[in-house]
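Reviewing the structure listed below.
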Amino acid sequence: MKAVRVHEFGGPEVLRLEEVATPKPGPGQVLVRLHATGVNPVETYIRAGTYGRLPELPYTPGNDGAGVVEQVGADVSEFKAGDHVYTSGSISGTYAEFALCRKEQVHPLPAKVSFAQGAAMGTPYATAYRGLLQRADAKPGETVLVHGASGGVGTAAVQLARARGLRVFGTAGSVEGIKLTREQGAHEVFDHRAPDHFEQIMKATGGHGVDVIVEMLANVNLGKDLTILAKGGRVVIIGSRGQVEIDPRNTMQRDADVRGMILPNTPPPELASIHAALVAGLENGTLRPVIGKEFPLSDAAQAHRAVMESGALGKIVLVPSK
């Protein structure tokens, strides 16, 4: 099979398409023929060698994908050859034509959902669900602010928050991003390029403040986030690209919490709960992954550059057959 391989950590150019042996499923494993692969920012950090957990070299990147079950190993009764599925983890990596997964990493993909949309589920939607509903414990009726609401995790968070009964604010940095965020159901959308957008957000709450903030770029926003929280408010940090200075008094005055998260820390029972909810959301139509750009597998390097550009709209995917 064709697979992207990384033999040394570095820039996007270290992503190389090669021929490798197609894996075979062992007990409790599933082999998936991929029709689409999700590209996430975390994979660029791993490729660059700057992430906290690094794989042994060489490796094939990727956890997210969607396709058709090719073969199952012993002790697998949950899936059979021909089933449409999405993946939320992989033993062999998903930047490839086939991915070997543990059965717990494979989830049903409803027939009405495209493979590209399925490839958007694993990391973005699970991250948004974990951050918004498990770590931040967002409740119906509360107000949530989603920074970077037009991206893969952002659109997921907006859809999940609306389905949960929250009042949803979002920020975006382009006319297209603002339009997309509104289309996903945000009640109010703010241009984060405007120097007074934090003041605009506070005014929109009537001075109460927001209850939950889903923070994608903490090194830029966290200090100001703390000034617009309601009492008992929570900031959940999903992304950061550097250090930030805050005034701790802003947390004290509000009894506020700052909660970090990375998806790999999620306990298995809670992860299973997340994907049960996500599959249900796909089935009932409350979750509708937005696809931004598609690249052939051979253009993985270009996809890694695109996923790190500001103003990304929706999810970036690789298509092995392109």
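Readers should treat all values here as calculations from the given coordinates under stated rules, not as data from a laboratory. Quick caveat, the model's predicted, so the values are computed rather than measured. Heads up, the Cβs are rebuilt from the backbone with ideal geometry, glycines too, and the neighbour counts pull from every protein chain shown.
Annotation note: chymotrypsin sites (Phe, Trp or Tyr not before Pro) in segment 47-92 located in DSSP loop regions with a Cβ neighbour count of at most 15 within 10 Å are TYR51. I need the Debye-formula profile for segment 74-193: one equal scatterer per C-alpha, no solvent, reported as log10 I(q)/I(0) at q = 0.12, 0.13, 0.22 1/Å, two decimals. The Debye formula, applied to the Cα set alone, gives -0.53, -0.61, -1.15.
Divide the volume of the convex hull around the Cα atoms of segment 16-103 by the residue count and you get 98 Å³ per residue. Sites count as exposed loop sites when they are GluC sites (Glu not before Pro), lie in a DSSP loop, and have at most 11 other Cβ atoms within 10 angstrom; the longest stretch of the chain without one is 57-244. Neighbours of PRO12 by Cβ distance under 14 Å: Lys/Arg scored +1, Asp/Glu scored -1, total -1. The rule of thumb for compact globular proteins, 2.2 N^0.38 Å, goes into the C-alpha radius of gyration of segment 220-272 1.32 times. Convex hull volume per residue, computed on the Cα atoms of segment 173-322, equals 164 Å³. Within the listed set ILE91, ILE213, ILE262, the residue fluctuating most in the Gaussian network model of the chain (springs between alpha-carbon atoms under 10 angstrom) is ILE262.
Which whole-number value in Å³ per residue fits the convex hull of the alpha carbons of segment 58-144? Don't jump to the answer; show the numbers that get you there.
Numbers: hull volume 12.0 nm³, N = 87.
About 138 Å³ per residue, rounded to a whole number.
Over all other residues within a Cβ to Cβ distance under 15 Å of GLY206, the charged ones net out to -1, with Lys and Arg as +1 and Asp and Glu as -1.
If Rh is defined by the Kirkwood formula over all Cα pairs and Rg also comes from Cα, what ratio Rg/Rh do you get for segment 1-148?
On the Cα set of segment 1-148, Rg over Rh gives 1.01.
Each Lys or Arg adds one and each Asp or Glu takes one away; over the other residues whose Cβ falls under 12 Å from the Cβ of GLN159, this sums to +2.
As a size descriptor, the averaged projected area of the C-alpha convex hull of segment 127-190 was calculated at 3.5 nm².
Out of the trypsin sites (Lys or Arg not before Pro) in segment 1-54, which ones are loop residues according to DSSP with at most 14 other C-beta atoms within 10 Å?
Working: sites: LYS2, ARG5, ARG16, ARG33, ARG47, ARG53; in loops: ARG53.
Answer by residue number: ARG53.
Put simply, the Cα atoms of segment 91-137 extend 37, 27, 18 Å along their principal axes, the longest span coming first. Here the Kirkwood formula puts the hydrodynamic radius of segment 6-54 at 13.3 Å, using every distinct Cα pair.
Comparing segment 163-239 with the 2.2 N^0.38 Å rule of thumb, its C-alpha radius of gyration ratio is 1.05 (two decimals). According to the Kirkwood relation over distinct C-alpha pairs, the hydrodynamic radius of the chain is 20.0 Å.
Legend: distances between Cα atoms for LYS2/LYS80; LYS203/LYS293; LYS80/LYS112; LYS231/LYS293; LYS139/LYS293; LYS224/LYS315; pairs beyond 29 Å are LYS203/LYS293; LYS231/LYS293; LYS139/LYS293.
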